[in-house]
1. Can you name every residue in the range 109-122 that is over 21 Å from the mean Cα position of the chain (by Cα) and without any contact (Cβ under 8 Å) to a residue 60 or more places away in the chain?
2. Only one of SER84, SER95, SER23 is at pLDDT 90 or above and either touching a Phe, Trp or Tyr at 6+ places or on another chain (Cβ under 6 Å) or within 25 Å of ALA122 (Cβ to Cβ) (or both). Can you tell me which?
3. For the condition basic (Lys, Arg) and more than 25 Å from the chain's Cα centre (by Cα), what is the one hit in ARG261, ARG231?
4. Which of the following residues is touching a residue at least 24 places away in the same chain (Cβ under 8 Å) and either touching an Asp or Glu at 6+ places or on another chain (Cβ under 6 Å) or of a type in the set (A, V, I, L, M) (or both): THR176, THR207, THR239?
5. Yes or no: the range 180-195 includes at least one residue that is under 30 Å from GLU62 (Cβ atoms), touching a Ser or Thr at 6+ places or on another chain (Cβ under 6 Å) and without any contact (Cβ under 8 Å) to a residue 60 or more places away in the chain.
6. For the range 219-239, enumerate the residues that are at pLDDT below 95 and not in a loop (DSSP other than H, G, I, E, B).
7. Here are some residues: GLY75, GLY71. Which one is at pLDDT below 90 and in a loop (DSSP other than H, G, I, E, B)?
Amino acid sequence: MRGLLAAVALAFLAAAPAAMAQSAAIIQQARATGQTASGPPGADEGMGAWPKIQFETIATLEYGSVQPDSGPNRGPDARLWFDSTFLAQISDELSVDGLFQFKPRQPLSASDPNGNLFINQAPARREGGKMKELYVRYGDYRVGKFVQDFGRAYALLPGFQAQDLVAESEQGYEPTEMIGVERIHVFKDEDGGWRQLSVSAFMVDRTFLHESFPYNEGIIHYKDGGVGNTRWPENVMVTWDVLNKPVGHWAHMNYQASVIRWGKTYGGQRGEVWTTLGADLSMPVHGSVDDTLRGRYSQVRLYVEAARRDNFEGMPGRARDFLSASAQYMDGPWILDLTTTQRWTTDRIDPLQKDELYAASIGYTLPSRTVVSLSAAQETVAGRSGAYLGLVLTQTLTTCSTCLARASYY
C-alpha cells in the first residue's frame, strides 16, 4: 500500500481542501481577527461604526472507510463536519469570539483491536457539536476558552487524515479544550516579518462548554486526569511566532518555537513538558498580479514541524516525539499534497514504539467555493496497520463578513 501511495504522490502530489479541518479556523481567528482589528469598514458601513458582526462556516461532508490489514473494517459511511466562527467586534479594543465545532466525537470501542488506527477519522463514529472556543479579547489579552498557540501541524497539515497522529491533546499535541488567559505582544518592527510573543496560563475546560450534542462527551472532572487537568490554571505556555518573513524577493516563511510546562494532574507522577519548532515556506511558481486576484496563480508550499512530549502521560522517563512534513502544489483551482508524520514513543522499560502515517490527496475548487478532494492514507500504530480512503466535499459559507448591529459611532 505504501508503494501505491508513493506512486500516487509522485503522479499527483496529492492534496486537501483549502479550507483546513478542525483548528484551521481557530488558528486564523486567533492570529488575525482575534488579535488585531478587522480592517477598515467599507464606504457603506461608515468609519467608526460599531459593533461589527462576522459569521463564517466551513462545512465538510466526508465519505470514507478505514480498512485495517486484519480485523473488521470501519465504514464506508458519510459523516458531517463543520466549523462555525463568530466575531462580535464591539470596538477596536474589545471583541467576543467563538467557534462552534460539529464533528465525529464518539470514541472507538475498547474491544476494537484496531482502535488506535485513524482515531480522528469519521467512519463508525457518531457526531456531536460544542463550543470549541468562546473568549473575550481586550487589546492584547484573551480570556476564556481557546486553543493555545502551540504548534500548527494539527491545523496546517492538509486534510483530516494527514493530521491524525498529531491532533487532540491525549495522543497528539493539540492543546485543545483549555480555559485560561493569554497575553500577546506584537512587535512594531515588521522589517523581518510580523513577530509576536505569546504567554498564557490555562487549565482543562471542566465547564458545561465541554458537553456536545447529539453525541455528548460529558463534563470533565478533576479525578478524570489527563494532560492539563489541574486544579488551577497552572499550565504555562510561551510561544514565539514570525509570520510572513521575506525570503529573497520570491518567497515568504512563517516559523514558530514554543514550550508548555504542564502541571501535575490527578494520578500523574510528574507534569509533562511540551516543545515544538516548525516552519512553512511559500514559493510562487508563476502568475501575474491579475492572476493572483483571480485565483489562477501557482505556488509550492513546504511545511515541517517537530514536537516532543517529555514525561509522556505523567511518567518520568517516558517521551513521545513527532516529526511532520508536507509538500503542496497549488495551480489555480487544483491543490495537490503529500504528507508524512513519524512518531516515536520511548520508555525506560517498555520497548520503542514507532508509529507512522503517509497520506496523499488531490483537490479541485469549483466556482461555488466548493472543494472536492480524494484522499488516501496508510497508518501504522502500535504494530497495527491499515489504510484510509475518502471523498470529501468542503464548502465555505460566509453569512456575514462585516455586518452592523444598531451601529453607534464613537
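The values are calculated or read from the model by the stated rules, or taken from the named source; none is laboratory data. Source: prediction; values computed, not measured. Quick reminder, even Gly has a Cβ in these numbers, built from the backbone with ideal geometry, and neighbours come from all protein chains shown.
1. Of all residues in the range 109-122, those over 21 Å from the mean Cα position of the chain (by Cα) come to 109-115.
Hits for the range 109-122 are SER109, ALA110, SER111, ASP112, GLY115.
2. Values: SER95 fails: either touching a Phe, Trp or Tyr at 6+ places or on another chain (Cβ under 6 Å) or within 25 Å of ALA122 (Cβ to Cβ) (or both); SER23 fails: at pLDDT 90 or above.
Matching residue, one of SER84, SER95, SER23: SER84.
3. Values: ARG261 fails: more than 25 Å from the chain's Cα centre (by Cα).
Criteria check complete, one pass: ARG231.
4. Details: THR176 fails: either touching an Asp or Glu at 6+ places or on another chain (Cβ under 6 Å) or of a type in the set (A, V, I, L, M) (or both); THR207 fails: either touching an Asp or Glu at 6+ places or on another chain (Cβ under 6 Å) or of a type in the set (A, V, I, L, M) (or both).
From the options THR176, THR207, THR239, the qualifying one is THR239.
5. Looking only at the range 180-195, we keep the residues that are under 30 Å from GLU62 (Cβ atoms), and these are none.
Taking every residue of the range 180-195 in turn, none turns out to be under 30 Å from GLU62 (Cβ atoms), touching a Ser or Thr at 6+ places or on another chain (Cβ under 6 Å) and without any contact (Cβ under 8 Å) to a residue 60 or more places away in the chain.
6. Answer for the range 219-239, where residues must be at pLDDT below 95 and not in a loop (DSSP other than H, G, I, E, B): TYR222, LYS223, ASP224.
7. Numbers: GLY75 fails: in a loop (DSSP other than H, G, I, E, B).
Answer to the selection: GLY71.
Results for (1) touching a Ser or Thr at 6+ places or on another chain (Cβ under 7 Å); (2) surrounded by fewer than 19 Cβ atoms within 10 Å (Cβ to Cβ); (3) of a type in the set (Phe, Trp, Tyr), shown as yes or no for each residue.
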| site | (1), (2), (3) |
| --- | --- |
| SER70 | no, yes, no |
| ARG74 | yes, no, no |
| VAL96 | no, yes, no |
| LYS103 | no, no, no |
| GLY144 | no, no, no |
